[in-house]
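Readers should treat all values here as calculations from the given coordinates under stated rules, not as data from a laboratory. Please read all numbers here as calculations on a predicted model, not as lab measurements. Cβ coordinates were reconstructed from backbone atoms using ideal geometry, including for glycine residues, and neighbour counts include every protein chain displayed.
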Amino acid sequence: MPTPPLAGGTAGPTHLRPLIDTVLTALHDGATRRNGPLPAGGPHTVTQNLHHTTGPLIPDHGTGAHHALRTLVTALTEGAADPAHPHCAAHLHTPPLALAAAADLAASALNPSMDSWDQAPAASALETALTTALAAEIYPHTPQPDALITTGGTEANQLALLLARERHGPVQTICAANAHHSITRAAWLLGLPQPVVIPAPNGLMDLTALRHALIHHQGPLLVTATAGTTDTGQIDPLTDIADLTTTHNAELHIDAAYGGPLLFSPTHRHALRSLHRAHSVTLDLHKLGWQPASAGILAVPHHHDLHALHHHAPYLNADDDTDAGLPDLLGRSLRTTRRPDALKIAVTLQALGRDGLADLIDRTLTTAHHLADLIDKNPTLELYDRPTISTVLFRPTHTDDTTVATIRRTLLNQGHAVLGRARISNSLWLKATLLNPHTTPDDLQHLLTLVTDTHAHTEATTEGSTPR
Ligand SMILES: *Cc1c(COP(=O)(O)O)cnc(C)c1O
């Protein structure tokens with residue numbers, strides 16, 4: 001076999017073009033064969049089909065580029081839970097914009113690595129410009145805010161707790177029961193005391209409980225609040241929380257992984273008033289930012305807040321290189337080799353502009369309200385609450401948790417819909433997390449019909465047993 005061509009250089013594009021054509025055809029064919037939001041049949045069938053169509057993954061003799069691309073991309077697409085389908089709406093699992101995916105191809109072809117300037121001359125300049133601009137959106141009132149690009153909210157939250165630990169020693173984290181699980185994990189990973197978890201009745205951090213915790217726990221204290229909770233998409237009362245942390249001399253981290261991009265919408269940004277009062281903010285653009293994974297941000301009010309991450313490795317940032325003007329990038333992450341995720345984000349922001357992004361956000365939130373309206377009007381369905389962002393919880397009226405769980409799994413197994421689940425106030429709800437700006441009212445009505453039909457069928461066929 002001839003030596004396979006490379007993606008870069010002047011010859012790279014010529015070699016890439018026919019391969020991409022094969023990939024695009026495979027994406028199309030796989031989606032056509034699936035013909036729905038996810039493959040039918042459940043885990044066993046999907047796994048069997050995948051093994052059957054792909055054959056041995058490490059054959060003695062290679063099958064060639066086009067064959068392997070066609071086989072594996074078609075199989076992956078056919079078996080995908082595709083967030084571009086309006087009935088794939090369980091999680092904060094975004095349908096990426098085509099332009100962002102196209103930009104990501106360039107990132108793969110060029111393969112800049114963000115750990116040293118000599119691997120990423122222009123990419124590091126682009127990343128710096130982008131993180132500076134994003135940090136200024138979050139912290140418009142400080143002269144030198146800064147932001148790091150992360151693999152997502154999990155890494156950003158970890159870094160936030162790490163930075164707090166480096167400022168103050170073993171900080172005691174206080175979060176509410178609605179906080180993302182990555183807060184507790186970060187404390188565990190960093191050797192910090194287990195977070196004090198205060199109640200979140202109605203899905204929001206309880207302010208009386210917070211005041212109590214701030215008075216009764218020994219400092220240094222770090223409160224983490226959530227702007228866009230995982231279960232309900234609610235936003236903690238950020239101003240009150242910021243006031244309490246100021247009064248009690250505690251620090252504040254806001255996990256705005258989900259809700260943060262509302263900043264870009266003049267219609268909705270008021271929901272994030274006081275975001276800038278946090279010592280650090282997590283934001284994900286692979287949720288309400290329509291980026292392929294990953295595209296996370298950790299923002300801080302002052303550039304020097306990131307000093308603790310500075311790290312020295314003579315082959316990447318020798319002092320004399322840094323003195324001679326080579327940017328020192330190693331302290332921009334805990335990772336070493338790192339993808340230029342800034343490229344797809346910058347392409348997206350520039351292509352859409354503020355008004356284009358605001359339009360996508362507004363459209364998505366409107367879709368969620370529309371779904372809530374349809375549920376409200378349907379006497380066989382119960383709405384948990386009006387959406388704050390784009391999460392809508394509902395369940396059939398007069399049902400039990402087992403039936404709710406069965407409806408969800410039935411829709412998954414049939415390949416008809418991907419809905420999430422959330423346990424709130426001791427009941428199980430179906431969760432629709434709407435992120436697809438193309439979803440139409442008809443799509444939403446159809447989704448509800450799938451649920452009510454499945455419910456009726458479940459009721460008719462079970463006397464306590466689970467149908468397949
Ligand atoms: C999604 C999410 C996270 C985790 O982010 P990843 O990007 O999945 O690592 C953390 N916190 C909140 C509030 C989230 O919505």
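Numbers at a glance
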| item | result |
| --- | --- |
| Relative contact order of the range 112-351, defined on C-alpha pairs under 8 angstrom at six or more residues apart (%) | 27 |
| Exposure proxy order (Cβ contacts within 10 Å, fewest to most) of Cys175, Cys88 | Cys88, Cys175 |
| Rounded FRET efficiency, nearest 0.05, which uses the C-beta distance separating Asp401 from Asp118 and R0 of 56 Å | 0.45 |
| Projected area averaged over orientations for the range 177-332, convex hull of C-alpha atoms, nm² | 11.5 |
| Inter-label distance for Ala324 and Ala308, nm, one decimal - labels placed 7 Å from Cα along Cα-to-Cβ | 3.4 |
| Mean Cβ neighbour count within 10 Å, used as a protection proxy, ranking 120-131, 14-25 highest first | 120-131, 14-25 |
| Trp290, Trp117, Trp188, Trp429 arranged by Cβ crowding within 10 Å, fewest neighbours leading | Trp188, Trp117, Trp429, Trp290 |
| For the chain, calculated [θ]222 nm from helices alone, where every DSSP H run of n ≥ 4 adds -39500 (n - 2.57) | -14500 deg cm²/dmol |
| Burial ordering of Ile215, Ile389, Ile241, fewest other beta-carbon atoms within 10 Å first | Ile215, Ile241, Ile389 |
| Quotient of C-alpha Rg and 2.2 N^0.38 Å, computed over the chain | 1.05 |
| Beta bridges per DSSP with both ends in the chain, % antiparallel, nearest 5 | 55 |
